[in-house]
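Below you'll find the structure, written out as structure tokens, and then a few comments.
The values are calculated or read from the model by the stated rules, or taken from the named source; none is laboratory data. What you are looking at is a predicted structure, and each value in this text was computed from that prediction instead of being measured. For neighbour counting, all protein chains shown are included, and Cβ atoms are generated from backbone atoms with ideal geometry for every residue, glycine included. Remember, those area values only see protein heavy atoms, side chains included, never the ligands or the DNA or RNA. Shrake-Rupley method; radii C 1.70, N 1.55, O 1.52, S 1.80 Å.
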Amino acid sequence: MKTNAFAYQRPDTAEEAVRLAAEGGDGARFIAGGQSLLAALNFRLDEPEALIDISRIATLRGIERRENRLLIGALTRHAEVAASPEVARDLPLIARAMREVAHPAIRNRGTFGGSLALADPAAEMPACALALDAVMHVLSPEGRRQVPAAEFFCGMYETALEPGELLTGVEIPLPEPGARHGFSELARRHGDYAMAGLAMMLGPRSGGVPSWARVAFFGLSDCPARSAAAEAAILSGARPEDCAAKACEEIEVFGDLNADEATKRHYAEVMLRRELTRLANDEERTA
Ligand SMILES: Cc1cc2nc3c(=O)[nH]c(=O)nc-3n(C[C@H](O)[C@H](O)[C@H](O)COP(=O)(O)OP(=O)(O)OC[C@H]3O[C@@H](n4cnc5c(N)ncnc54)[C@H](O)[C@@H]3O)c2cc1C
């Protein structure tokens with residue numbers, strides 16, 4: 001199948017892009033790396049009237065340190081994020097998770113912001129954004145606004161972006177020294193979307209337990225979800241297996257073609273138990 005016919009515009013600035021999107025109304029779509037959108041168009045899952053190609057907007061690209069935060073431009077490609085020494089040093093969770101995002105050819109064109117704006121429930125970066133407490137920077141003709149990751153992912157392929165709003169970048173607070181990350185993913189083949197995955201940040205230890213915890217699962221539900229029950233168990237000093245038993249307590253898990261609901265719950269528990277055990281063992285070794 002081929003796409004429907006559409007108008008094509010390639011603005012040079014983010015401001016022009018949102019102006020064009022406002023003019024195009026419901027029929028307009030931004031296209032960034034095109035790795036997901038083009039497939040949807042070719043299958044006629046979407047038939048836009050106009051594509052607004054943002055790929056030449058230089059201000060949307062790049063990784064910049066701002067005091068104790070890292071700002072990743074929405075157009076920064078997955079491969080650029082994966083190769084960034086700043087990301088490797090300051091945000092090892094993202095560096096680790098990026099290894100599981102698709103295949104090299106897709107990482108060479110797909111963008112960090114595209115992944116977040118698409119909000120595939122099985123994608124890695126939305127869960128990392130939740131675990132890292134990222135803040136989304138959003139532009140519309142009305143101005144700029146910021147949306148915390150916790151309020152950004154609303155449902156399957158649904159975000160807090162209003163029609164015509166452009167995600168310009170993502171601001172990620174740098175975890176303090178002593179914070180640790182955990183990541184795990186089960187996929188049928190390396191590079192496939194996850195059947196189930198875990199992205200986790202634990203604060204520096206204080207009195208034998210992490211000072212804070214953010215445990216985010218992906219591939220389980222209609223959007224990435226934090227497990228408040230598992231986080232509370234971790235902060236209470238519970239054993240890994242007892243924390244893992246709480247993994248899906250408040251998460252509505254959906255079965256899909258990969259695995260039924262019970263199997264996904266099991267995957268989530270195993271991943272959390274293993275990662276907590278690994279971190280505890282690492283700590284013992286370095287103590
Ligand atoms: C075979 C295959 C395997 C893949 N495996 C994985 C995987 O394992 N994990 C994973 O995370 N992804 C995977 N992907 C998806 C890939 O990472 C995409 O590149 C990414 O999800 C979308 O980025 P993009 O820049 O290509 O966005 P596009 O395809 O250009 O756009 C996707 C959607 O986001 C919107 N959009 C894009 N940028 C913005 C913006 N700045 N502001 C507002 N809206 C915007 C578009 O309008 C569109 O609706 C896979 C893709 C393929 C084809």
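Structure notes:
- With every protein chain in place and a 1.4 angstrom probe, the accessible-area ranking of Lys264, Lys2, Lys246, largest first, reads Lys2, Lys246, Lys264.
- In region 116-156, the GluC sites (Glu not before Pro) that fall in loop regions by DSSP, at most 15 other Cβ within 10 Å: Glu142
- The packing ranking of peptides 157-167, 209-219, highest mean first, is 209-219, 157-167, where packing means the average number of other beta carbon atoms within 10 angstrom of each residue.
- The chain: angle of helix 14-24 to the longest principal axis, Cα-based, in degrees nearest 10: 70 degrees
- Relative to the longest principal axis of the Cα atoms of the chain, helix 261-286 runs at roughly 60 degrees.
- Solvent-accessible area, 1.4 Å probe, carbon plus sulfur percent, for region 115-256: 50 percent
- Net charge of neighbours whose Cβ lies under 9 Å from the Cβ of Gly197, counting Lys and Arg as +1 and Asp and Glu as -1: -3
- Taking the convex hull of the alpha carbon positions in region 7-53 and averaging its projected area over all directions gives 3.1 nm².
- Taking the chain as a Gaussian network of alpha-carbon nodes connected by springs under 10 Å, the highest mean-square fluctuation of the residues Met201, Met156, Met271 belongs to Met156.
- Sites Glu241 and Arg189, calculated FRET efficiency, Cβ-Cβ separation with R0 35 Å, nearest 0.05: 0.75
- Estimated vicinal HN-Hα couplings, Hz - region 191-208 in sequence order (Karplus 6.51, -1.76, 1.60; Gly, Pro = x): x, 6, 4, 6, 7, 7, x, 9, 10, 9, 10, 10, x, x, 6, 9, x, x
- Subtracting the Cα-Cα distance of Phe254 and Thr3 from their residue separation scaled by 0.36 nm leaves 87.3 nm.
- P(r), alpha carbons of the chain - 5 Å bins starting at zero, rounded %: 1, 6, 12, 17, 18, 16, 13, 9, 5, 3, 1, 0, 0
- In the assembled protein chains, Leu139 presents an accessible area of approximately 10 Å² (probe radius 1.4 Å).
- Local charge for Arg109 was computed over the other residues whose Cβ lies under 12 Å away, with Lys and Arg +1 and Asp and Glu -1, and equals +1.
- Computed E for Thr286/Glu86 - FRET, C-beta separation, R0 22 angstrom, nearest 0.05: 0.35
- If R0 is 30 Å, the Cβ-Cβ spacing of Arg144 and Asp26 corresponds to a FRET efficiency of close to 0.85.
- Where the Cα pairs of region 158-198 fall when distances are cut into 10 Å bins, in %: 19, 23, 41, 17, 0
- Å³ per residue enclosed by the Cα convex hull of region 58-173: 99 Å³
- Net charge over other residues, Cβ less than 13 angstrom from the Cβ of Pro173 (K, R count +1; D, E count -1): -1
- Cα gyration tensor category, rounded, prolate or oblate, for region 115-223 with a/c compared to 1.5: oblate
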